[in-house]
Each structure stands twice: as C-alpha cells, then as structure tokens.
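So the structure is just underneath, and the comments pick up after that.
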Amino acid sequence: MGTLCSVATTCPFCGVGCGMALRTEGTRVVGIEPLPRHRISCGQLCAKGYAAAQGIDPRDRVLRPLLRQGGDFCETSWDDALERVSEALRDAVAELGPAAAGVISCARATNEDNYAAQKFARAVLQTNNVDHCARICHSPSVAGLRQTLGSGAMTNSIDDIERADLIVICGCDPTENHSVLGGRVMAAKLRGARLLVIDPRKTRLARMADLHLQLAPGTNIALLNGLLHIIFARGWQNREFLEARVDGVEAVAEKVRDYDPARVEAITGVPATDLERAARMYTEAEAALLCYGMGITQHTTGTNNVMAVSNLVLAAGQIGRPGTGINPLRGQNNVQGACDMGALPNVYPGYQPVADAAVRAKFASAWGREVASAPGLTSLGMQKAARDSAFRAMIIMGEDPVVTDPDQNQVEAALRALDTLVVFELTLTETAKLADVVLPVASFAEKDGTFTNCERRVQRVRAAVPPPGEARPDWWILGKLARRVAGYEGMAYDGAEAIFDELTSLTPSYSAMSYPRIEQRGGLQWPCDAEHPDGTPYLHAGRFPIGRARMVPLEHQGPAERPDSEYPLWLTTQRLHYHYGCGSMTRKSPLLERETPPGLLFIHPDDAATHGLVQGGGVRVCSRRGVVETRALISDQVPPGLVSMPYHFKEAPSNQLTNDAQDPLTKMPELKACAVRIEALPAEVAPRTRAELAQEAAR
Amino acid sequence: MSDVYELTGLRQLADHLAREARVVAPQHDGEHRCFALLSEDGDLEICREPSQLPLAAKPFLFAERESLFVFDGARFVETPAPSEPLVLFGLTACDLTAIAYLDRFFEGDPHYVARRRAALLVGVDCERGCRDGFCDAMDAGPGVRDGSADLVVHTAPDASPLLFIGSERGAAAVAGLALEPAPADATERRARGLEAAEASLGARPHIAAGIARLDAGEVSAELWEELGLRCLACSGCTTVCPTCTCFTTTDEPEGDGARRLRYWDSCLFEGFQREASGHHPAPTAGMRLERFFRHKLGEPVRARFGRATCVGCGRCESACPAVLGIHSTLGRIAAT
Ligand code: SF4
Ligand code: SF4
Ligand code: SF4
C-alpha cells in the first residue's frame, strides 16, 4: 500500500518545536515530512526530526503492563497492574505518610500529562513530591531569572534572531542541540549580523564567530563580571534603562571593580583585549540577542551563573525589545511546559507558589479535594530520602535517570532501595529494568496534546496512529490510579482537550488558550490572557513581572572539583546533533546510530599525543566516582587540558564520572566540570561497556 | 502529442480516473499540504509550488520505508511490491522530469518498477514561475516535457483547462470519458502560455555560472570546507530532492528470522560511505557537500544520464537549515 496519510504534529525531540508531519501506513509511522508553512521550522528539520519515525517504531515497545518476578518481567492485565500499584502507593503513604511517595514527571510528555502528574501527586497522594528533569538542565534558569526578572523563560522569540544585529551564544551549542534554531543563527550571521560565542569548546558557531571567548571551564562569573567591569569603567552601560527599570546597579558596579581585565584574564584565560572587544560589541549593538544553555546552568554555581548573565543583559539594556533578550535554550521538547504545568515541588501550574495558602485553596476548591501543604522534595531529594529509607514508592514517567542523572551508582542505589518503583515507558530503558511495575504508554505519535517550546509557544501534538498493544496515555493511567488509590473521580478525563481546558482555567498565563485558537494562530506564546489574547512574542516590554529588575552582586567561585596531579584533566559533557537525551529513541534509527560509535571522548591532539591515543582508539577514563571505557575522537573542538563526552550512550555513560556536587539553591549537579585521568587501551583491546565493566568488578 | 481536449474542470478528469484507480493528488489539512489519496468530497487544489510539497510524490514510487523480504529461519520470502493501480495527479514538470530520471536509475529494482508500472502520471503545466524554481535552466519545465506524463493538463486563468494525451496509456485511461475536442488553437495557446510562464521565471545567472565553475574545476577545497562547516548532516536536502535515490537496509528481527527493510538514506551523513575498514572516500563535510552537488550537476553525471540530475525544483533551498541549498551554494560558487 502506498503512504496515504500524513498528520501534522510537533517534533518530540528538542525545545525548538519544529513542525513535522507523520506519514503513516496502516498503524505504523513510516516517514516524516517537514512543514513548509510551520511558524518556526519553515520546512526544515534536523537529523533527529527526520529520524523520528524509527524512534517510535513499535519494535522493542512495551506492549502490556509488566510485573517484576524475581529477575524477570511477566505480562499482566491493566486491572492487576493498576491494583498492585495502587496498593503499593496506599501502603507507602499509610506507613510513612504522604512524604514517602512521589512522582517524577517528564519533560518529554505533553502539558496534559504533566498537569495530570502534579495533580495526582498533590490531590491524590497529598504530597508536593513532584519533579522532572529540568533539575538537570534549567532549574537554575527558573530560580535565577525569577529573582532578577520575575520569569525564567526565554524572553524573546526564535524569529527575533533575524531582528538582532548581534547574537551572543553563551555556553550552548545550538547547531548540535537546537539545530534548526542554530541554522537561523548561521543564516543571520551570513546576512550580516555579528556573532559572539562564549564557550570552552570550539563549537561550529565559535568557528564562524566574529569573536570567540574560549574561557576555562567553570569561570563564567569571572568572565561576566569582567565584562561588567569594563562596561562600568568605560561608562558603556545603558544609564537610561538602568535608572528607569533596574535596582541594585550600584552594588554590582562596586562588586565588579575587583574584576579588572588582568585578573579576569588570569582566571578565565581570555585575553583582556578580547574582553574589551566583547563588552564593546554587546553594548554598542542596536539589538543584541543572547542565548545561553547548560554551559551556564550545569554548575554548582548554576543559579549565580544565570544571574551573572542577567546582570550583563540588564547593564546593557538589551532586553524588552524585539531582537534582544536573555534566552535560555531549553533542552527537551517540553521542559518549558513541564515547568509551566507545575511539575516542580514548589509551584503549581503557572508558577503559583505552593507556599501561598490562597493558591492551595484555589486548587483544592477547583479539584474538589484537599491538597498537600508540606513542601515537596526534588528528584535528587527523593532519591536521597529513598537511600535513607524515608521514601518508599516512586512513579517515574518516561525519564531515564539511571542514564541521564549525575552519579549513576547513587541513582541506582536509590531506586533499588525503594519498596516500589513504577515506570511509565515506551521501551525497557535502564531505569525501567529496575522497576517493579512497568506500564506501557503511548508515544507522542499516538496521542493528542500540547508541547510548549522554548520560546513559550504552545503547539499541538496530534495522534497519527493508535498506540501499540495496550499502551495508554500517561494521563489515562493517572486517572485510573486516582480512582483506585483514593476513590477520586476528578481525573477521569475523556480526552486531552478536557485536561487542557481545565488547566487553562487555573493557569493565568495560559488562560486565553484553547485547542482551536492554538491551531488558528500556529501556536500561542504565553502570557496569553485577556490582556494578550494573541500571546506575547517578547517579555518585559514596559515592566518586569517583579516591577523593577534586580542586578545581584556575585563572586566567582570555581568548580567543586578541579584537576590535580592524580586527575589532571577537566571533563565536560556535551550533546551530539544525532542523539537526544538518553538515546532511547534516536538510537533506534539505523542512520543516526551509524554516525558515531556508542560513546566518544573528544580530546585535543596534544593531549592525545601525550597519552598515546590514536583516532578511534580505546581509552579508559577514570574519575573519583567511576570508570568508563570509550573511543577517542581527536579534535581541536576542545582545548588542551579539557576532554568532553556526550551523555547519550549507556555503553559509556559520562554520568559514571561526573560530580554530583550541587548548586545549593536548585540542587543542580555540576555536570559541566570535573576532574579525570585517562589512559589509552592497548591497540587490540575494544572498550568494554558499562555492563561489562560492572561484571568484571563483581568478579 | 496528437489528441487535445477541453475539460470542464480538473475534477471531471480526476473523478473519471478515480473509477479505475486510487487517485493521489495534493491535499491539504489546514496549513499542511501533501500528496494524499483524493477523497470524493476533498478539494482538488493543484499546488505548483514545489517547496510547499516537500516530498512531492516520491514516496509513492520509492517508499521511505519498505520491506524487501523476510527470512523465516529457513527460507527467504520476497515481499511483493504493491501493484494496485494508482494515479499520481497534478505533478509539475520538474517532478515529472525527476520521475523520468528515477525510471532510469531504478530500472532493475523490482519494487520501484512494480509501483511505477501501476502508476498513471497526470502532469500540469505551470502558469508562472515559482519562488525558488529554475526548471528552465535545467530543461525540466515549466511546461511538462514530452514523454514524461501520460496525461497533461494545461490551465490558463480565464479559460477551460486543456487536456493533452501524452501516451497510449493516457489515451486508454480517458477513453470512457466524454470529452469535448479542444479548439483549433489549443496547441498554440499552450505554447503561448508556456512562453509566458518561462518569461516569469526570474533570471538565475548564478546557476549556469556556478555549473561552469564546477565543470572547470574552479571551486577550491577550501571553499567546500567553508561551506561544509555549516552542514549539519540533517538529511533535509536529500529527503526533499525528487531525484535522490540513496537508501540503506537493515534487518529487523521477526519471529525466528528477520525482515529486511530499506529506508531512505543520505549521502551527507558521515556514516553513509564509511567503509568497514574505517576508510572514507569523502571524509570531510565539505567533500560530502561537493559530492552532492557534483552528483546533481556535474559533467560526468550529465554524460551518463544525458541530463543533470537536478531538475531545478528549488526544494533544497528552503529545506536546508544551514543556507546550503542550491541557490545559496551555486551563488557563493559563482561569486568567488
Ligand atoms: S531542531 Fe529540535 S524540534 Fe527541530 S527537528 Fe531537530 S530536534 Fe526536532
Ligand atoms: S538539487 Fe535541489 S533544486 Fe535540484 S532537484 Fe534536488 S532539491 Fe530540486
Ligand atoms: S540540508 Fe543542508 S545542512 Fe542538511 S544535510 Fe543538506 S546541506 Fe547539510
């Protein structure tokens, strides 16, 4: 049969939110086509997008509920599985109270699923123990920017890249991770915009840039303070803007006096003349758009790093206009939506604080049920409590913390310590393999809903094929559990749109949205309310949500672990264009899987020579926490002294090595800098996978 | 083409053809357009802007994912290629030229040949040039080329559509349809219409100039590397190009054996040509990009197939996130 159906939806991979159509044959998605009229992607996709059909192929999918029996799983009915899960949740709560159970929601799931997850935790389990993986990408953005501006989202739109005459790319690699957006940056550069890149690695955009500040890992605050030092010393700050709209300017100007170019050059390795050029470029630009990523957030100083970026943006007044702004590039397709929906321990949908009794009362009355009042735990907090036997039952919705969280061994220990681990998944991921119950869920191609992209645009996701086997949407499962655990009927929705209509009524920034309006407008950017019925392309035009913005004086503080004689190299982590997250979807594409070996270590030619490494040769990487074997990719992408690993590969998981030292405020682990030592494997010896290394250690 | 008729409308022709076969034509659902099965009450809105129909009708002849055979543990069983009659309705001249090339490329491929034999091709002349098209420069349009379609429809703003019979098969397909003979000046009208369409295609001097520089070996490796630095290996260009034919095969476990599947592949992927030894004939992104363009435009390919494999549809220009589409790249080459 020919391909006769094609359903327009939103890409499930990154936060850019490209439009794609799923071409189906019977009940199978066979191909992907780009959407030329799509508001953001205009007929383009990246390699992940084009390979999406293979990523969700029913092969390898979990088709029926699975129960652990000894070392194996056996299939069971929904009725049995739901009964067991309900019983386990009831037992955990009865024994230790609601704090002993929790839900890890998912930045890949729809807004409707995330809304259901937090509602289930708060109204059914009576706990604020709900979180998702923003913790390991952008929680510092939310925490930092809420303090300084009042909102943690990207202030401007992807279209604004075309309106900027200077684009600043700070600690992110958009042509790899947000490829279609990265393409826009390249196009803008070719049309004459200037490009400034701040990154320890020589990324593709760094090679094209007018200026690349190649700072040492973990020296962001020193560098940003250094730029502010020059700006204030030369009087380049935007005085008018600062007077009208910003508090705390004096304290910052005072603080950065210590960060003279010579000192900053010594800390960061960036020549003083380049600092001066960068400060001039940024303050002289008519409209400068700044993007940042995990190079800023994944540090023990993550929240401070974000605020340091915010200080720079405010000092130059490059915000609140088209073509400007401070734009955290969010990794996962719906991490913005998962945050917006309140899949976080401290906020309800729309960032309404849990601590506010009026907010709690509003939700209790809308949901017709008491809600939790005690503060909740983050995902790392839940893991720690589990290791301390204070936490018993966890639902994980489609995340794979065993691969993606820092310090894998600790994660595994925590999950093993639980009485009950329930995982909602497409396939048997490393995390699902540890579960007591695995519940099969519908993929993005099999359900309706919405995703919110990085520029706050809510877009439709549409079912193109039915779920395979007995898989169901996450919200459906939670609705059934709500009834069994607590006799609560308030989650028995008849479809995704009913959930969306409920959540818009409780989320002020989504209040003027509906499925028909989203479809008419090609997506709607929040805030979308009575005052802005067609959404908001850029934030902070006349005022900040907190009134006046705040600049915050900050001190440089190096990474928690530094190279020393025993572990002499810096290790940082990165992503590759071809893969997404833990690779559980993209690695099913034979084309993407063929592009790279299963695991890589980027290393500078000089370091490779010192260690006797050859291109593609085996290498053993050790940190204080673990050992990984992988293959060397010799490249000047990294400077001497720094090696870098992508985190997509379970065979060679970088998280065996990374440090779980955390940002004190957000508990963001320091994934971007730790110390390692490497040794070449003998020529004939192939790198061993994590599983093989573990077996050997056991022997 | 000898026989010419006048149609009351396109629907008249489509409905007639639908009696004998499934008709696939440009369809839209809101903003989304694609070739899909024409339903009885669906709009028949011909789209003559190739970039708005990114995949054209290619998947109906060369499927993006196709089972070749199953090994059941003991025997190999070929998956029969679909041979149900199909009408591909409303194909533009450039896309028909592309199919003529695919016919030659896939001559010995049983799956392609079976699908192709079952397909009746109905072309439409373009009334005017499209945004990125340069079919005139590639001898592929704007008028449907002789021999590339079974039936050709020529439209003009204030006149009834004309139907030209392009092949015996086309003639047979409309045999049962009561058609009005066209006015005596029909062929002349078409010629005038096509002249106007051709005139409306903007001048694209960089195309000829760029090809000349390629042929003369005047494009430096440095320039290819400068361009290649931007290539993300997204596979967009090869996915939307109506003459890209690369595929890969994989074996998917099934029962006690396996099923061999083939998928569209892309020569811009590093892994595409990497050999088992690790040797790579085009190890850098710049070399892969150069090979793509040489394969579309270069002299050796023109000599082998009697024409460039690029048909001037312009799709790769809008699909490339890295500004490496045909206009951007040839423009850059022509300007150095
Ligand atoms: S850039 Fe992001 S949203 Fe767009 S196709 Fe790639 S992964 Fe999908
Ligand atoms: S190379 Fe580009 S313009 Fe030429 S046929 Fe292919 S997609 Fe069309
Ligand atoms: S579309 Fe552009 S970026 Fe993508 S593979 Fe082709 S040339 Fe490279």
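Which residues does the label zone of B:E20 cover in segment B:170-204, counting backbone N under 13 Å from a point 7 Å along Cα→Cβ? Residues B:170-178 fall inside that zone. Could you please state how large a percent of the accessible area of segment A:4-60 is carbon and sulfur, counting protein chains only and using a 1.4 Å probe? Using a 1.4 Å probe with all protein chains present, segment A:4-60 comes out at 51 percent carbon and sulfur.
Simple rule: put +1 on each Lys or Arg Cβ and -1 on each Asp or Glu Cβ in chain B, find the dipole, and look at B:A308, B:L151, B:A186; the Cα lying farthest toward the positive end is B:A308. Proximity of backbone amide H atoms, modeled 1.01 Å from N, is registered between A:G31 and A:R23 at under 5 Å, excluding neighbours fewer than 5 places apart on the same chain.
Net charge in the neighbourhood of A:D436 (other residues with Cβ under 10 Å of its Cβ; Lys, Arg +1, Asp, Glu -1) is +1.
Annotation: amide H of B:V23 within the under-5 Å range of B:L38, B:V87, sequence separation 5 or more or interchain, hydrogens built in the peptide plane.
Accessible surface of A:D91, taken over heavy atoms with a 1.4 Å probe and every protein chain present, rounds to 90 Å².
Here the sum of -39500 (n - 2.57) over DSSP H runs of 4 or more residues, divided by the residues of chain A, equals -9000 deg cm²/dmol at 222 nm, to the nearest 500.
The string of couplings for segment A:339-351 from the Karplus curve (6.51, -1.76, 1.60, θ = phi - 60°) is 5, 4, 7, x, 7, 9, x, 9, 9, 7, x, x, 6 Hz, one whole number per residue in order, with x for Gly and Pro. Put simply, chains A and B cover up around 3800 Å² of each other's accessible surface, both sides summed, when a 1.4 Å probe is used.
Measuring only protein heavy atoms, the 1.4 Å probe finds B:F69 accessible over about 50 Å². Here's the picture: charge each Lys and Arg Cβ at +1 and each Asp and Glu Cβ at -1 in segment A:139-329, and of A:T273, A:G171, A:L314 the one pushed furthest to the positive end of that dipole is A:G171.
Once you charge only the Cβ atoms, +1 for Lys and Arg and -1 for Asp and Glu, what is the size of the charge dipole of segment B:141-292 about its Cα centre, to the nearest 20 debye?
80 debye
Distance between the pseudo-spin-label points of A:D564 and A:N409 (7 Å out from Cα toward the beta carbon): 1.7 nm.
Sorted largest first by accessible area at a 1.4 angstrom probe radius, with every protein chain in place, the residues A:M208, A:M645 fall in the order A:M208, A:M645. Protection proxy ranking of A:30-37, A:529-536, A:550-557, A:336-343, by the mean of other Cβ atoms within 10 Å over each peptide's residues and highest first, is A:336-343, A:30-37, A:550-557, A:529-536. The string of couplings for segment A:615-632 from the Karplus curve (6.51, -1.76, 1.60, θ = phi - 60°) is 4, x, x, x, 9, 9, 10, 10, 10, 5, 9, x, 10, 9, 10, 7, 10, 7 Hz, one whole number per residue in order, with x for Gly and Pro. About its Cα centre, segment A:4-60 has a charge dipole of approximately 160 debye under the convention of +1 per Lys or Arg Cβ and -1 per Asp or Glu Cβ, with nothing else charged. B:Q12 label point, 7 Å along Cα→Cβ, cut-off 19 Å on backbone N: hits in segment B:104-135? Answer for segment B:104-135: B:122-125. 3J(HN,Hα) along segment B:311-317, derived from phi through the Karplus expression 6.51 cos²θ - 1.76 cosθ + 1.60 where θ = phi - 60°, amounts to 10, x, 7, x, 4, 5, 5 Hz, with x in place of Gly and Pro.
With all protein chains present, how much of the accessible area of segment A:569-698 (probe radius 1.4 Å) comes from carbon and sulfur, to the nearest whole percent? Carbon and sulfur: 55 percent of the exposed surface of segment A:569-698.
Distance between the modelled labels on B:H28 and A:D159, one decimal in nanometres: 1.9 nm (7 Å Cα→Cβ projection). The separation of segment A:599-678 from segment B:63-134, counted between C-alpha centres, amounts to 47 Å. Close amide H pairs (under 5 Å, H built 1.01 Å from N) link A:F424 with A:I396, A:M397, A:G398, A:L439, residues at least 5 positions away or on another chain. Per-atom-type breakdown for segment B:4-201 gives carbon and sulfur 50% of the accessible area (1.4 Å probe, protein chains only).
Residues of segment B:216-249 losing 40 Å² or more of accessible area relative to the isolated chain, 1.4 Å probe, heavy atoms only? In segment B:216-249, residues shielded by partner chains: B:L229, B:R230, B:L232, B:C234. Taking all protein chains together, A:K202, A:K650 sort by accessible area into A:K650, A:K202, largest first [probe 1.4 Å].
Among the protein heavy atoms, those of A:K672 account for about 30 Å² of accessible surface (1.4 Å probe, every chain in place).
Given a cut-off of under 8 Å on Cα pairs at least six residues apart, what relative contact order in percent is computed for chain A? Taking the mean separation of contacting Cα pairs over the length of chain A, I get 19 percent.
Rolling a 1.4 angstrom probe over the protein heavy atoms with all chains in place gives the protein assembly as shown an accessible area of 35 Å² per residue. For the residue pairs A:K119/A:K384; A:K433/A:K480; A:K362/A:K667; A:K189/A:K447; A:K119/A:K667; A:K119/A:K672, the alpha carbons lie more than 27 Å apart in A:K362/A:K667; A:K189/A:K447; A:K119/A:K672.
The values are calculated or read from the model by the stated rules, or taken from the named source; none is laboratory data. Bear in mind that the values here come from a model prediction, so they are computed numbers and not experimental data. A quick note on method: Cβ atoms are made from the backbone with ideal geometry, for glycine too, and the neighbour counts reach across all protein chains shown. These accessible areas exclude ligands, DNA and RNA; they are computed on the full protein's heavy atoms, side chains included. Shrake-Rupley method; radii C 1.70, N 1.55, O 1.52, S 1.80 Å.
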